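Have a look at the structure below before the remarks.
The values are calculated or read from the model by the stated rules, or taken from the named source; none is laboratory data. Since the model is a prediction, treat every value here as computed from it, not as a measurement. No Cβ is skipped: glycine too gets one built from the backbone with ideal geometry, and neighbour counts run over all protein chains shown. Side chains are part of the model used for accessible areas, which takes the heavy atoms of the whole protein and leaves out ligands, DNA and RNA. Shrake-Rupley method; radii C 1.70, N 1.55, O 1.52, S 1.80 Å.
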Amino acid sequence: MTSLSELTLPDHTQLPDSDGKFVKNLQEHPQSILLTDSITPVLQQLHPDGNYCIGQDAGIYWRLTDPPEKGAEAPDWFYVPNVPPTLNGKMRRSYVLWKEYVAPLIVIEFVSGDGSEERDKTTPLQGEPGKFWVYEQAIRVPYYAIYEVGKARVEVYRLVDNTYQLMTPNEREHYLIKPMGLELGIWRGVYQNAELPWLRWWDAQGNLLLTGEERAEVERQKRKKIVEKLRTLSSEQLQSLGIDPEMLD
């Protein structure tokens, strides 16, 4: 008789946390950081209990294979709502679907080649399952974004009746990720000393979500304007406001 221990499926601590591949270009890592940094305050509001998970180039295991890595896809960025950030007090090494209860809401792939890998719809009956098919039919991710870095273009697919439908961008050329109340699109500017097209988040009103550094700079500029305005006042006026004129030097 087969024992219960023999039927136990492996968890994130027993599966490889890397497929051994190098990132395809040096923009991938800062791009992931940019997406995570800017969205964190919004996710903290959406999840006051702290229950959400973000993965960056981490494996999502959807089937048991030998070797194990063949049963996983590793999106460049993904977000899972309503799951604890840690398991048994430890950060996940990967996201194992048979040990979890929520699929990612959105996965994002950064394309360095021609995009054929990210759009591969090969089914298991035809051969090795393609990435597009896995996200659509196996993991059933509601939103799948393909960011073509070289072309500064993003495609977003939404799962409708178990099939991915290519979304149409709005008037701002952004894609609304409705469950998050956010838009995804291309921003051209300087981040980490590189002036490039970057994939970024906006709120539903079209306001860019800022990184921590950008938010700090906005506050510095606000304080600077306030000080400049105060310097136009006389010492008597400043003292009447309870401000020591010497503090503005």
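Values for this structure:
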| read-out | value |
| --- | --- |
| Residue match in the stretch 73-91 (condition: over 22 Å from ASP37 (Cβ atoms), outside any strand (DSSP E or B) and either in contact with an Asp or Glu (Cβ under 7 Å, 6 or more places away or on another chain) or touching a residue at least 12 places away in the same chain (Cβ under 8 Å) (or both)) | no |
| Restricting the stretch 160-170 to residues that are surrounded by fewer than 20 Cβ atoms within 10 Å (Cβ to Cβ) and either of a type in the set (Val, Ile, Thr) or in contact with a helix residue (DSSP H, G or I) (Cβ under 7 Å, 6 or more places away or on another chain) (or both), the residue that is nearest to GLY181 (Cα to Cα) | THR168 |
| Matching strands (runs of 3 or more DSSP E) fully within the stretch 118-182 where at least 2 residues are closer than 23 Å to LEU97 by Cα and touching a residue at least 12 places away in the same chain (Cβ under 8 Å) | 143-148, 153-160, 163-166 |
| Every residue from the stretch 197-224 that is in a strand (DSSP E or B), surrounded by 16 or more Cβ atoms within 10 Å (Cβ to Cβ) and not aromatic (Phe, Trp, Tyr) | PRO197, LEU199, ARG200 |
| Boolean, ALA152 is hydrophobic (A, V, I, L, M, F, W, C) and surrounded by fewer than 18 Cβ atoms within 10 Å (Cβ to Cβ) | yes |
| Check on ARG215, under 22 Å from THR36 (Cα atoms) and more than 15 Å from the chain's Cα centre (by Cα) | yes |
| Filter result for TRP187 (in contact with a Ser or Thr (Cβ under 8 Å, 6 or more places away or on another chain), open to solvent by less than 60 Å² (accessible area, probe 1.4 Å), modelled with pLDDT of 75 or more and closer than 18 Å to PHE110 by Cα) | no |
